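Please read the structure below before turning to the comments.
The values are calculated or read from the model by the stated rules, or taken from the named source; none is laboratory data. Small disclaimer: the values here were computed from a predicted structure and weren't measured. Cβ: placed from backbone, ideal geometry, glycine included. Neighbour counts: every protein chain shown. Accessible surface is based on the protein model in full, side chains and every heavy atom, while ligands, DNA and RNA are left aside. Shrake-Rupley method; radii C 1.70, N 1.55, O 1.52, S 1.80 Å.
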Amino acid sequence: LRVRMLGGTQVGYARVTRRWWQQVTGMMRSESLLDRPVYFVSSNSHSLANLVTGMARDHEASLVRIVEARGPQYLADELGRFRDHAAEGDWNNFLYYVQRLYTGSIATDERSQLRREERDRGVLGVASRTALDVAAQVIPLDRLDAGHFDPRLGRVDSSVLQKSGAVIVNIDYPLGLAAYNILREVAETAAELRGVYVLGKAATLNADVGDVMISGVVHDEHSGCTYWLDNAFTVADVSPYLRFGSGLDNQRAVTVKGTFLQNRGYLDFYYREAFTVVEMEAGPYCSAVFEMTQAGRHPTGEPVNFSKLPVDFGVIHYASDTPFTQA
């Protein structure tokens, strides 16, 4: 197996990242959003849009017709269980899943229409046209209508939202040092960065697929540092909505350099050291947060205490695979 790197200098990586971020700031400038406070979220391109636009519920009838006409069979079966009041899942989650499958198969003009509808409801999408293949969304809070929100968000006063000058910048989560470069670039140019929230999937060494894991410690293989977090998330934040999994707190995460490098002996080593979450972005994000809040560059091979950060910082993972088992 031969691997040829076409470009890999730190300066080149920073240049590509800046070019990517200029697409986002260009859109923010055109919408007069550039001077607003920012909450940075690393998740995916559909989770926040699902929660705040209400599009899936507004298109409920057409989504149901798609399942009836095209399937797949497991979704048709689940639809039947909902109609028989025998389903255990949440109806909104079902609609979100169907909508995601549907948008992946429609024509470009139909997808563009959906993106325009999202934009009208306050979610401004920015597709990447650079080598850094990370989509972004800009969500000004004062353009959201609380009447569209997922009911699980609780009662939200639209008038309070309209008085907010804050903007959520959500990106389709990158892995490895891309996370470090992106957050550094955002922090350098944002008018005021108030919070950083990392939501992603991870392998688990002690839980089941679908469980939600909240770590208090992150060891980063890139820097060799171990970060001790005062995590903004708690199990109480997510446990009311977990119908099939469990919430686990006080977990210890390790950010690895790549899944190809993992084997049973490697994972067993970390498990014996009480690390239970194996993922690929939290450590580099921690290194960027360090440089946002401290005078120097992030250290290497040191323990770092994040107990008194001047920004809100939260890390949460859901278990997507269990490498210690055949599952």
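What number goes with the only condition from (1) of a type outside the set (Val, Ile, Thr); (2) under 27 Å from Val24 (Cα atoms); (3) assigned to a helix (DSSP H, G or I); (4) open to solvent by 70 Å² or more (accessible area, probe 1.4 Å) that Tyr74 does not pass?
Only one criterion is unmet by Tyr74, namely (2).
How about the range 135-151: which of its residues are more than 20 Å from Leu34 (Cα to Cα), open to solvent by less than 40 Å² (accessible area, probe 1.4 Å) and of a type outside the set (D, E, K, R)?
Ala146, Phe149
When you scan the range 252-266, how many residues do you find that are among the charged types (D, E, K, R) and either under 16 Å from His222 (Cβ atoms) or outside any strand (DSSP E or B) (or both)?
From the range 252-266, those among the charged types (D, E, K, R) are 252, 257, 264; that's our starting set.
Applying the additional criterion that residues be either under 16 Å from His222 (Cβ atoms) or outside any strand (DSSP E or B) (or both) yields 257, 264.
Total satisfying the criteria: 2.
Any residue in the range 149-158 that is closer than 30 Å to Arg15 by Cα and in contact (Cβ under 8 Å) with a residue 12 or more places away in the chain? Reasoning before the result, please.
Filtering the range 149-158 for residues closer than 30 Å to Arg15 by Cα gives none.
Taking every residue of the range 149-158 in turn, none turns out to be closer than 30 Å to Arg15 by Cα and in contact (Cβ under 8 Å) with a residue 12 or more places away in the chain.
Among the residues of the range 293-322, which ones are part of a loop (DSSP other than H, G, I, E, B) and either aromatic (Phe, Trp, Tyr) or open to solvent by 50 Å² or more (accessible area, probe 1.4 Å) (or both)? Spell out how you get there, then give the answer.
From the range 293-322, those part of a loop (DSSP other than H, G, I, E, B) are 294-302, 307-311, 322; that's our starting set.
Answer for the range 293-322, where residues must be part of a loop (DSSP other than H, G, I, E, B) and either aromatic (Phe, Trp, Tyr) or open to solvent by 50 Å² or more (accessible area, probe 1.4 Å) (or both): Gln294, Ala295, Arg297, Thr300, Gly301, Glu302, Ser307, Lys308, Pro310.
What number of residues within the range 279-288 are in contact with a helix residue (DSSP H, G or I) (Cβ under 7 Å, 6 or more places away or on another chain) and either aliphatic (A, V, I, L, M) or over 16 Å from Phe313 (Cβ atoms) (or both)?
Of all residues in the range 279-288, those in contact with a helix residue (DSSP H, G or I) (Cβ under 7 Å, 6 or more places away or on another chain) come to 281, 284-285, 287-288.
Within this subset, residues satisfying the condition of being either aliphatic (A, V, I, L, M) or over 16 Å from Phe313 (Cβ atoms) (or both) are 288.
Total meeting the criteria: 1.
Quick check on Gly122: is it touching a strand residue (DSSP E or B) at 6+ places or on another chain (Cβ under 9 Å), outside any strand (DSSP E or B) and within 13 Å of Met55 (Cα to Cα)? Lay out the reasoning, then the answer.
Working: touching a strand residue (DSSP E or B) at 6+ places or on another chain (Cβ under 9 Å): yes; outside any strand (DSSP E or B): yes; within 13 Å of Met55 (Cα to Cα): yes.
Criteria met by Gly122.
This table checks each residue for (1) touching a residue at least 40 places away in the same chain (Cβ under 8 Å); (2) not hydrophobic (A, V, I, L, M, F, W, C).
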{"site": "Asp208", "(1), (2)": "yes, yes"}
{"site": "Glu221", "(1), (2)": "yes, yes"}
{"site": "Asn231", "(1), (2)": "yes, yes"}
{"site": "Tyr266", "(1), (2)": "no, yes"}
{"site": "Ser287", "(1), (2)": "yes, yes"}
{"site": "Ala295", "(1), (2)": "no, no"}
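What's the total number of residues in the range 144-172 that are modelled with pLDDT under 90 and either part of a strand (DSSP E or B) or within 29 Å of Gly258 (Cα to Cα) (or both)?
Residues flagged as modelled with pLDDT under 90 and either part of a strand (DSSP E or B) or within 29 Å of Gly258 (Cα to Cα) (or both) within the range 144-172 amount to 0.
Which count do you get for residues in the range 225-240 that are more than 29 Å from Glu302 (Cβ to Cβ) and open to solvent by 70 Å² or more (accessible area, probe 1.4 Å)?
Selection size over the range 225-240: 3.
Residues of the range 81-98 being assigned to a helix (DSSP H, G or I) and open to solvent by 30 Å² or more (accessible area, probe 1.4 Å), which ones? Full working, then the answer.
First, the residues of the range 81-98 that are assigned to a helix (DSSP H, G or I): 81-83, 91-98.
Once the filter is applied, which keeps residues that are assigned to a helix (DSSP H, G or I) and open to solvent by 30 Å² or more (accessible area, probe 1.4 Å), the range 81-98 yields Arg81, Phe82, Arg83, Trp91, Asn93, Tyr97.
Which residue, of Phe269, Phe275, Phe290, is assigned to a helix (DSSP H, G or I), buried (at least 16 other Cβ atoms within 10 Å of the Cβ) and of a type in the set (Phe, Trp, Tyr)? Show your work before the answer.
Working: Phe269 fails: buried (at least 16 other Cβ atoms within 10 Å of the Cβ); Phe275 fails: assigned to a helix (DSSP H, G or I).
After ruling out the rest, the residue left standing is Phe290.
For Ala127, indicate whether it is surrounded by fewer than 21 Cβ atoms within 10 Å (Cβ to Cβ) and at pLDDT 95 or above.
Details: surrounded by fewer than 21 Cβ atoms within 10 Å (Cβ to Cβ): yes; at pLDDT 95 or above: no.
So Ala127 does not fit the description; no.
Consider only pairs whose beta carbons are under 6 Å apart and that are at least six residues apart or on different chains; among these, list those whose first residue lies in the range 49-60 and is free of Cβ contacts under 8 Å to residues at least 60 places away in the same chain and whose second residue is open to solvent by 20 Å² or more (accessible area, probe 1.4 Å).
Correct list of pairs: Ala56/Tyr96; Ala56/Gln99.
With respect to Ala253, determine if the residue is hydrophobic (A, V, I, L, M, F, W, C), touching a strand residue (DSSP E or B) at 6+ places or on another chain (Cβ under 7 Å), surrounded by 11 or more Cβ atoms within 10 Å (Cβ to Cβ) and over 29 Å from Phe94 (Cβ atoms). Walk me through how you get there before you give the answer.
Working: hydrophobic (A, V, I, L, M, F, W, C): yes; touching a strand residue (DSSP E or B) at 6+ places or on another chain (Cβ under 7 Å): yes; surrounded by 11 or more Cβ atoms within 10 Å (Cβ to Cβ): yes; over 29 Å from Phe94 (Cβ atoms): yes.
Answer is yes for this residue.
Is it fair to say Arg111 is over 28 Å from Leu175 (Cβ atoms) and in a helix (DSSP H, G or I)? Even if it seems obvious, please write down each step before you answer.
On the way: over 28 Å from Leu175 (Cβ atoms): no; in a helix (DSSP H, G or I): yes.
No, not satisfied.
So in the range 173-196, with the set limited to residues that are outside any helix (DSSP H, G or I), aliphatic (A, V, I, L, M) and at pLDDT below 95, which one is surrounded by the fewest Cβ atoms within 10 Å (Cβ to Cβ)? If you could, list the steps in order and put the result at the bottom.
Initial filter on the range 173-196 (outside any helix (DSSP H, G or I)): 173-176, 190-196.
If we keep only those that are aliphatic (A, V, I, L, M) as well, we get 175, 190-191, 193, 196.
Then drop every residue that is not at pLDDT below 95, which leaves 175, 190-191.
Details: Leu175: 17, Ala190: 22, Ala191: 13.
That would be Ala191.
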